[in-house]
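The values are calculated or read from the model by the stated rules, or taken from the named source; none is laboratory data. Not measured: the values here are computed from a predicted model. So basically every Cβ, Gly included, is an ideal-geometry build from the backbone, and we count neighbours across all protein chains shown. Side chains included, ligands, DNA and RNA excluded: accessible areas come from the protein's heavy atoms. Shrake-Rupley method; radii C 1.70, N 1.55, O 1.52, S 1.80 Å.
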Amino acid sequence: MRPVVLCFSGLDPSGGAGLQADIEAIGAQGAHAAVVCTALTIQDTRRVYGFQAIDPAFLRQQADKVLADLPVAVIKCGMLANPEVVAMVREVCVAHPHITLVLDPVLAANSGGSLADPRMVTELASLFPHAALITPNSLETRWLAAREDLDAALTHLHDLGAKAILLKGGHEPGNMIRNLLSVDGKTVQTSQWPRLPHEFHGSGCTLASAIAGALAHGLALPVAVTRAEVWLQSTLTDADLPHPDGQAIPKRVRSDFA
Ligand code: PLP
C-alpha cells in the first residue's frame, strides 16, 4: 500500500490548516494520511477564537490502534495544544523509535492567534531529540529558544536535541522568503521564494506534511524538503482568497472544475 503518515493535529473548521491540510498534502505526495485529532479549534480564515484539546488517554488509544494496524513510516505532529498531549506523543515516539518524526512546533496560527497552552514553549523541546526534522518559522524559533538572534536561536534548538531544523522565513521582512535547512548545526541547504501577495492559512502545515509524505517514500531529507517547497509554492500561487483582508487557502487538491 502507499506509505502511511500518522498525523497528530488539530481541526481547523475553515479547512485551510490543521488536519485537513495534512490529509490533502500527504495525499498529494502519494502517501496515505491517518489522523489523530488533538484539538478542535474555533477559527476562520481571519483569526483564531479558541480551542479545546482532546483527552490524551483517548488519543493514545486511537494512535495505538492505527500503529498496530497500518504500516506507519512517518509520524507528523502539528498542533499538540498542551503539555499532556505532548507527553502522550513522546510516549508513542519512545514506543516506536524506528518511525521518523516530523515536528511542526505549532504555537500560533499565521493570523497570530494562540493554538497552544503557554507552557508549551518549554514542553515542545522534549520532543526535539525524537524528531528527524523540526519545522519552526522564525517566530517559533525565537520563542522556543528564548533568543532574538536567529543564528543563536538555531544553535540553541540544536543544543536542546534538534537534529535537523527547517527554519521558515515567511515572517521575516523582504520580497523574498528565505528558508534554511540546518543539520547538526550546519546549514546544508537554503532556498528563496518570491513573496506572494497575500497571507496564507495553513502554509506551514502544508509544507511540513508534504515533507512528511516525501520522507515516507524514503527520500533523503534535503530532497524531500526541496520537493515539498516547490509543491507548496504551487499550492500558494493558486490559493483561494475568500476575503481581500483575510488569508488565502492553499490549493492542495486539483480538480477538473477549477
Ligand atoms: N494547526 C491548526 C489546527 C491550525 O488551525 C493552524 C493554523 O490556523 C496551524 C496548525 C498552523 O497553521 P500554519 O500552517 O498557518 O502555521
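Here is how the numbers come out for the structure above:
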{"item": "Accessible area, probe 1.4 Å, largest first, for residues F200, F128, F58", "result": "F58, F200, F128"}
{"item": "Helix-derived mean residue ellipticity, 222 nm - over the chain, DSSP H n ≥ 4, -39500 (n - 2.57), to 500", "result": "-11000 deg cm²/dmol"}
{"item": "Lys, Arg +1 and Asp, Glu -1 on Cβ, resulting dipole of the chain about Cα centre, debye, nearest 20", "result": "400 debye"}
{"item": "Inverse of mean 1/r across different Cα pairs in the chain, Kirkwood, Å", "result": "17.9 Å"}
{"item": "Lysine pair number, Cα distance threshold 30 Å (strictly under), the chain, separation 8 or more or different chains", "result": "9"}
{"item": "Relative contact order (%) - criterion: Cα under 8 Å, at least six apart; region: the chain", "result": "20 percent"}
{"item": "Pairwise Cα inverse-distance average, inverted: Kirkwood Rh of segment 139-213 (Å)", "result": "13.2 Å"}
{"item": "Solvent accessible area, Å² - K65, 1.4 Å probe, full protein context", "result": "150 Å²"}
{"item": "Overall Cα dimensions of segment 1-122, principal axis frame, Å, largest first", "result": "38, 30, 21"}
{"item": "Accessible-area value, V94, 1.4 Å probe, nucleic acids and ligands omitted, Å²", "result": "90 Å²"}
